[in-house]
Amino acid sequence: MSDNTAASIYKVPTGLIRRLLERLKLPFGMDQANLAAAWLSFAATAAGLGGLISQARAINDQLDPYHANRTAEYLGVWFQRQQRFSWWRIAKPPPLGPVIAASMADGFCGVNTIYLMQIPASPTGRAGWSTILAMFNQEAPVFSSAGDGDAAEKALSLSAVTTRGGDGRADADAAAGSASWIHLDRKPLKRHQDHACIVISRTTLITMLVVTNGRPVFQYSDASGFRAGYASYCGQWYITWPIGQEAIVKFAAHDSICATEVLPRSFAQRVDRCGQLVSGVIISPTSSLAVGFPGRKAAGTYRLEHAVKGFQGAHSGRHLYSMMGGRSFKVDFLSARTLEDVDGVGDVAADALVLELPNKDDGKRTVRMIVPPHEQAILAQALDSLPWTNLSWSMHRGLRDILLAYGKPIMDAHRSTLASLLKTTVEAHPDVFRPRGWDPEFVRHNMGHMAASAILAGSGNSGDLVRVVSDVAVKYVGDWDVGRLDEVVFWRRPDVKEVRELDPQAVVALTKFFVLEWSQEFDYQLYHHLPISLYFG
């Protein structure tokens, strides 16, 4: 067979084969021509198959139910943590998302003390769970340029919007490290409407709500289902559970927070303490005190009675406390016993205290709570044992009502003194707040006045002002750790009504009472309206 015959069999131009063999420095013969033709034929077949596969993948991408949810714009940093799958696979598995679990007993994903941020520490996507994980830090954010406070603050703000390149990227990466949560288990996301969701429990949802200082804005339950909206310090929560469908939770960060914020970008929040306060329980870190409070009552006259280990029989926040991992059988209970025969204060023992409390129907102060001396001592210890916090509480309204009514006369007697003291502290030591993350101009011109005004107001609804007052109080008392701040002796002093000058213990105790005044009621029976598990989109 001639060389031309060999080339014609494979329908490959002879000139092309000859030039290929010359380039390879091989003689032009039948064997070489056959080999070259075979390779060229294989290459053409491979190119054709590759084109078919590319077309099939393009079509499959359009048919993929998660097509719009696989992008970095939706998943944020979790876009980089997806499974690698072989190029030849046509059908794609669902994208992966983190497993989030939170409760009073186990903390948030196993971490009890987290550092909250209003501006996320890492780039976030449109998914609410991605935003929450960027706002919840496992440790205080760390910056590579720790000596430059302004650069560090700038890096934190940049990290919320920067995805690649740009000034301050190294600082942003360092700050984002504590919010990476890269150790979390991952599971396939669930498709719900146009959202790619993780699945969380109702306990996890309630825990996240109270940690972010959630408070109800609206709540509807009718024939179409259940809807609720909760405002929080970190953003807006929305819960929707249509009849016959899955319940879904959505979260959106505030759009009013920007890089011009003058407060420190992060602060510590303890998950277990948030769970205790929303359940109506106060636990002393240094004594045997563990007591639960009754819920708000209907109009009438009641007597507060201490029941040792009686919280297990309470209806108030006991169900939520147990759901969040608490051991209710270890907790005492202050029960409110109805007294039908008591008509006036004159019928009350001389050593008893009468508190006027709001009723559960319209909030008017038509509940008379008689507090005997033994129970008064428990209330005093409960106020001394209130946990320290940098943010207002989402709390049990029965606990808040009773402690506010008990302590308000003494707080009012010292209100102006405490306000003046905190204002003077800022004016005398403005430079100590900059290393803590406060804006220097804000400290010099506004911080002291804001702290004094908040104390004098008596009540309010601002997490920022609570952070201002609590940080000034910490500066005043010096290097106290959180355990020392949790437990003071002021309300239990025999001469508490005769105190004229405020020592550090009194400042801490009154600051904790101020936080109580500025805290919000939370529906601790919200779980009745929710299924066991929900989609978080």
Report task. Determine the share of the range 337-492's accessible area contributed by carbon and sulfur atoms, expressed in whole percent, with a 1.4 angstrom probe. Result -> 48 percent
Query raised in the report: Quick one: with all protein chains in place, what share of the accessible area of the range 200-268 is carbon or sulfur, to the nearest percent (1.4 Å probe)?
Result: 53 percent
Query raised in the report: Once you put a point 7 Å from the Cα of residue 453 and another 7 Å from the Cα of residue 420, both along the Cβ direction, what distance in nm separates them?
Result: 2.1 nm
Query raised in the report: Which net charge results for the neighbourhood of residue 504, defined as the other residues with beta-carbon distances under 12 angstrom from its beta-carbon, given Lys and Arg at +1 and Asp and Glu at -1?
Result: -1
Query - Relative contact order (%) - criterion: Cα under 8 Å, at least six apart; region: the range 373-490 - result: 40 percent
Report summary line: In nanometres, the difference between 0.36 nm per residue of separation and the alpha-carbon distance of residue 484 and residue 182 is 105.4 nm
Report summary line: Placing each pseudo-label 7 Å from Cα in the direction of the beta carbon, residue 71 and residue 245 end up separated by a distance in nanometres of 2.3 nm
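If contacts are Cα pairs under 8 angstrom and at least 6 residues apart, what is the relative contact order of the range 177-298 in percent?
Over the range 177-298, the number comes to 13 percent.
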Query raised in the report: What percentages, rounded to whole numbers, describe P(r) for the range 262-367 computed over all alpha carbon pairs with 5 Å bin width beginning at zero?
Result: 2, 11, 18, 17, 16, 14, 10, 6, 3, 1, 1, 0
**Report entry** lysines whose Cα lies under 25 Å from that of residue 250, excluding same-chain neighbours fewer than 8 positions away
**Finding:** 187, 190
Query raised in the report: Quick one: in the range 370-415, what % of C-alpha pairs are over 15 Å apart?
Result: 52 percent
Query - Probe 1.4 Å, accessible area per residue of the range 398-537, Å² - result: 42 Å²
**Report entry** Using θ = phi - 60° and Karplus 6.51 cos²θ - 1.76 cosθ + 1.60, couplings along the range 300-306 (whole Hz; Gly, Pro as x)
**Finding:** x, 10, 9, 10, 7, 10, 7
Query raised in the report: What is the projected area of the convex hull of the Cα atoms of the range 412-537, averaged over all directions, in nm²?
Result: 11.1 nm²
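First obtain the Kirkwood hydrodynamic radius of the range 72-141 from its Cα pairs, then insert it into the Stokes-Einstein equation at 25 °C and 0.890 mPa s, and state the resulting D in µm² per second as a whole number.
The diffusion coefficient I find is 179 µm²/s.
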Report summary line: Heavy-atom accessible area per residue of the range 243-367, all protein chains kept, 1.4 Å probe, expressed in Å², is 47 Å²
Report task. Please work out the FRET efficiency for the pair residue 434 and residue 340, using the Cβ-Cβ distance as r and a Förster radius of 51 Å; give the result to the nearest 0.05. Result -> 0.25
**Report entry** Centroid-to-centroid separation of the range 311-383 and the range 238-280 [C-alpha atoms, Å]
**Finding:** 30 Å
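The values are calculated or read from the model by the stated rules, or taken from the named source; none is laboratory data. These figures come from a predicted structure and were not determined experimentally. Cβ atoms come from the backbone with ideal geometry, glycine included; neighbour counts cover every protein chain shown. Only protein heavy atoms, including side chains, enter the accessible area calculation; ligands, DNA and RNA are left aside. Shrake-Rupley method; radii C 1.70, N 1.55, O 1.52, S 1.80 Å.
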